[in-house]
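Note sheet for the following structure.
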Amino acid sequence: QLQASGGGLVQAGGSLRLSCAASERTFSSYAVGWFRQAPGKEREFLASISWSGDSTYSADSVKGRFTISRDNAKNTVYLHMNSLKPDDTAVYYCAARRTYGSGSSDRSWYNYWGRGTLVTVSS
């Protein structure tokens with residue numbers, strides 16, 4: 001099971017760190033992606049990370065502001081978000097797939113999803 005946490009209310013320009021924790025002891029063999037969904041919009045890819053953490057990929061829309069990382073000793077993947085904007089307001093989800101490879105920007109590629117965490121950015 002995946003659990004996303006760390007969301008909350010933040011002012012524009014602020015920062016948050018989201019966590020995606022897994023109960024699976026072999027989480028280190030999973031690639032992970034972060035997505036978000038704003039009201040009335042489709043779920044949007046943000047970033048992905050390989051099982052080892054050596055390979056990461058970020059969407060152009062958040063490149064330079066959001067960074068994905070992982071700590072396999074803690075079975076946790078993080079999304080570090082800086083310079084937040086009101087348009088970043090959404091429910092944020094993490095997703096995983098067991099693979100000794102990189103992640104994907106395709107949400108249908110992932111077969112495990114966590115409950116989302118709400119991020120609200122005030123202007």
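The values are calculated or read from the model by the stated rules, or taken from the named source; none is laboratory data. Computed from a predicted structure; not experimentally measured. A quick note on method: Cβ atoms are made from the backbone with ideal geometry, for glycine too, and the neighbour counts reach across all protein chains shown. SASA here: full protein model, heavy atoms, side chains in, ligands and nucleic acids out. Shrake-Rupley method; radii C 1.70, N 1.55, O 1.52, S 1.80 Å.
Return a yes/no flag: does the range 13-29 have any residue that is assigned to a strand (DSSP E or B) and among the β-branched types (Val, Ile, Thr).
No, every residue in the range 13-29 fails to be assigned to a strand (DSSP E or B) and among the β-branched types (Val, Ile, Thr).
List the number of the failed condition for residue 16; all other conditions in (1) surrounded by fewer than 18 Cβ atoms within 10 Å (Cβ to Cβ); (2) in contact (Cβ under 8 Å) with a residue 12 or more places away in the chain; (3) aliphatic (A, V, I, L, M) hold.
(1)
If you take the residues in the range 34-74 that are under 15 Å from residue 90 (Cβ atoms) and open to solvent by less than 10 Å² (accessible area, probe 1.4 Å), which one is nearest to the chain's Cα centre (by Cα)?
Once the filter is applied, the top-ranked residue is 34.
Residue 108 - would you say it is at pLDDT below 95, surrounded by fewer than 21 Cβ atoms within 10 Å (Cβ to Cβ) and small (Gly, Ala, Ser)?
Criteria not met by residue 108.
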